[in-house]
Amino acid sequence: MRVKIYHNPRCGKSRDTLKLLEAQGVTPDIVEYLKSPPTAAELQDILTKLNIKPRELMRTKEPEYKDNGLDDKSLSDADLIEAMIRIPKLIERPIVLKDGKAAIGRPPENVLAIL
């Protein structure tokens, strides 16, 4: 299976993770998720592979998180997934997928575990 990275070229950690992958001889499929957000099914798949809940994949310190009332603990997982699709800036980055596994590149070395 190919390696896929959900990437934001303006993010230093995302750029560092991409460089790390390339240094390992990996040429990943790059998805600029701000331009092409994942679908609900793709996000659910990523969450399952990471074994985390939607809120754990969200950038809770972004102003859009609080401005959109996403700090409301009564929101469902589906509500949070929909918010990440609507406001992809809220998705933690970078996310690397390979062979049914996923890792968040914070720090970038985290992705080495799935290569």
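In the range 25-58, which residues are open to solvent by less than 70 Å² (accessible area, probe 1.4 Å), within 24 Å of residue 71 (Cα to Cα), in contact with a helix residue (DSSP H, G or I) (Cβ under 8 Å, 6 or more places away or on another chain) and not β-branched (Val, Ile, Thr)?
33, 37, 38, 40, 43, 47, 50, 54, 55, 57, 58
So that you can scan it fast, the table gives a plain yes or no per residue for (1) of a type outside the set (Lys, Arg); (2) over 10 Å from the mean Cα position of the chain (by Cα); (3) more than 17 Å from residue 15 (Cβ to Cβ):
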{"site": "70", "(1), (2), (3)": "yes, yes, yes"}
{"site": "73", "(1), (2), (3)": "no, yes, yes"}
{"site": "76", "(1), (2), (3)": "yes, yes, yes"}
{"site": "80", "(1), (2), (3)": "yes, yes, yes"}
{"site": "95", "(1), (2), (3)": "yes, no, no"}
{"site": "100", "(1), (2), (3)": "yes, yes, yes"}
{"site": "107", "(1), (2), (3)": "yes, yes, no"}
{"site": "112", "(1), (2), (3)": "yes, yes, no"}
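Residue under question is residue 97, and the condition is that it be more than 18 Å from residue 51 (Cβ to Cβ), surrounded by 17 or more Cβ atoms within 10 Å (Cβ to Cβ) and touching an Asp or Glu at 6+ places or on another chain (Cβ under 9 Å); does it hold?
no
Considering only the range 10-24, state which residues are of a type outside the set (Lys, Arg), part of a helix (DSSP H, G or I) and surrounded by 11 or more Cβ atoms within 10 Å (Cβ to Cβ).
Selection gives 14, 16, 17, 18, 20, 21, 22.
Tell me which residues, restricted to the range 64-94, are of a type in the set (Ser, Thr, Tyr) and open to solvent by less than 20 Å² (accessible area, probe 1.4 Å).
Passing the criteria: only 65.
The values are calculated or read from the model by the stated rules, or taken from the named source; none is laboratory data. Here the structure is a predicted model, which is why all the values come from computation and not from measurement. Counting neighbours? That spans all protein chains shown, and the Cβs are built from the backbone with ideal geometry, glycine included. Each accessible area value is taken on the protein alone, full model and side chains, heavy atoms only, with ligands, DNA and RNA left out. Shrake-Rupley method; radii C 1.70, N 1.55, O 1.52, S 1.80 Å.
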